[in-house]
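Chemist: Got a structure here, written out as C-alpha cells. Questions coming.
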Amino acid sequence: MPIVALAFHEHIAMEKLDRYFESARTSGGETRPINCAKCSLGFAVVLVNREDKNNPTHIEQLLKLIEEDCIAGLHKDEYVLTVALPS
C-alpha cells in the first residue's frame, strides 16, 4: 500500500521531513499544519501528491487517528496513512 499522507509530532517534524524528502522520489507534495482537537498539540502533515482529490479525506483520517490516540496530550511521534492499490 502506498503512503498518501503522514503526520509528525511537531518536535520531530523537521528531522522526519528532512529524512522523508531525502529518500522520496515524489514531487508535488504539500505540507499543512493540523492540531489535535483534544489537546491542541501541533502536527505537520505531508500530503504526498498535492493533486490527489482525496487529500481532504486523508487529512480527516489522520486527524481521527491522532485524536483517538491522544492520552492526556501524549501521542506517537508519527502517524502514517496508506491506501490499498486498486486491483
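None of the figures in this text is laboratory data; all of them are computed from the coordinates on show. Remember, predicted model here, so these are calculated numbers, not experimental data.
Chemist: Give the aspartates and glutamates reachable from K16 as a straight Cα distance under 14 Å; neighbours fewer than 8 places away on the same chain don't count.
Modeler: Straight-line reach from K16, under 14 Å: D77, E78.
Chemist: Once phi is turned into θ = phi - 60°, what whole-Hz ³J(HN,Hα) does the Karplus curve with 6.51, -1.76 and 1.60 give for every residue of region 66-76, x standing for Gly and Pro?
Modeler: Each residue of region 66-76 in turn: 5, 5, 5, 8, 5, 10, 6, x, 9, 9, 5 Hz.
Chemist: Please give the length that would be gained between N54 and A72 if that part of the chain were fully extended, namely 0.36 nm times their separation in residues minus their C-alpha to C-alpha distance (nm, one decimal). Spell out each step's value before the answer.
Modeler: Working: separation 18, 0.36 × 18 = 6.48 nm, distance 3.02 nm.
Using 0.36 nm per residue and subtracting the Cα-Cα distance, I get 3.5 nm.
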